[in-house]
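Read-outs: derived from the displayed coordinates by stated rules, not from any lab. Every value quoted in this text rests on a predicted model; they were computed, and no experiment measured them. Cβ: placed from backbone, ideal geometry, glycine included. Neighbour counts: every protein chain shown.
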Amino acid sequence: VLFRSTVTSEFERIPYLYIADGHHRSAAAALVGHEKAQNNPAHKGDEEYNYFLAVAFPASHLNIIDYNRVVRDLNGLTPEEFLARIAENFTVEDKGTDEYRPEALHNFSLYLGGRWYSLTAKPGTYNDNDPIGILDVTISSDLILRDILGITDLRSDKRIDFVGGIRGLGELKHRVDSGEMAMALALYPVSMKQLMDIADSGNIMPPKTTWFEPKLRSGLVIHKLD
């Protein structure tokens, strides 16, 4: 969970609260709380089931880093055919064998056949007025993964996997060079403003869009509801 303003006192209310990670767990906890309240004739509002554990970070203390994609095959295309299809909507530059990291929004890094390529989305291929459509994850999902590679469901398609940017571009190169994957796509990180604008508009971020740092240490915590 992140919030927009800096809290000056532990008793000060947080004016804007955003769920940055754990939205499924938060929704499940809210559902359980609602069901228990409905089934408790003596419900007062201060029972343990009305609460769940969370940690809040000031937005200024949290970083969003890239969340990248690796794909097992080129959907029957040769590397040359694949690059030609990409060139229909992107300006393609061969960057050679040195790692290339995306430099700005709408610029992507492609690793294919032992070489790195810069892909820059051409004007008109995205909608600046659409908070979801302008996201690089949407651009790449629609124009590359869906239209060229035939991947329509990022959550369930077994041909695609996701690599947190914390592991570096070297992990993308390794997954492709090992033969496990056919190509890798690195994205420029989503900005905190983009995330908040999407939440404020009532929309939801596409899957596998953000990788937040720092992350809490893993552990087992039990919150007794009864």
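Counted residue by residue at 0.36 nm each, then reduced by the alpha carbon distance between them, the extension gain from N129 to E213 reaches 27.4 nm. Once the C-beta distance of D161 and H61 is scaled by a Förster radius of 41 Å, the resulting FRET efficiency is 0.90 to the nearest 0.05.
Say a paramagnetic label sat at a point 7 Å from the Cα of L17, along Cα to Cβ; which residues of the range 190-226 have their backbone N under 14 Å from it? Correct set: none at all. Taking the Cβ-Cβ separation of E35 and D197 as r and a Förster radius of 35 Å, what is the calculated FRET efficiency to the nearest 0.05? In this case the efficiency is close to 0.60. Annotation for E99 and H24: the two label points, set 7 Å from Cα along the Cα-Cβ direction, are 2.9 nm apart.
Give me the percent relative contact order of the range 63-200, please, defined on Cα pairs under 8 angstrom at least 6 residues apart.
Numbers: 226 pairs, mean separation 58.4, N = 138.
Across the range 63-200, relative contact order equals 42 percent.
Multiplying the residue separation of R146 and K173 by 0.36 nm and subtracting their alpha-carbon distance yields 7.5 nm.
For every helix of n ≥ 4 consecutive DSSP H residues, a contribution of -39,500 (n - 2.57) applies; sum these over the chain, divide by its total residues, and give [θ] at 222 nm rounded to the nearest 500 deg cm²/dmol.
On the way: 5 runs with 47 residues, N = 226.
Using -39500 (n - 2.57) per qualifying helix, the result is -6000 deg cm²/dmol.
Under the simplified labelling scheme, the I204-T78 pair shows an inter-label distance of 4.3 nm, with each label point 7 Å from Cα along Cα→Cβ. Find how many whole Å separate the alpha carbon centroid of the range 67-88 from the alpha carbon centroid of the range 164-190. Here the two parts' Cα centres lie 14 Å apart. Derived from the Cα gyration tensor, the three semi-axes of the equivalent ellipsoid of the range 77-203 are 24, 16, 15 Å, largest first. Averaging 1/r over each pair of different alpha-carbon atoms in the chain and inverting the result gives 19.9 Å, the Kirkwood hydrodynamic radius.
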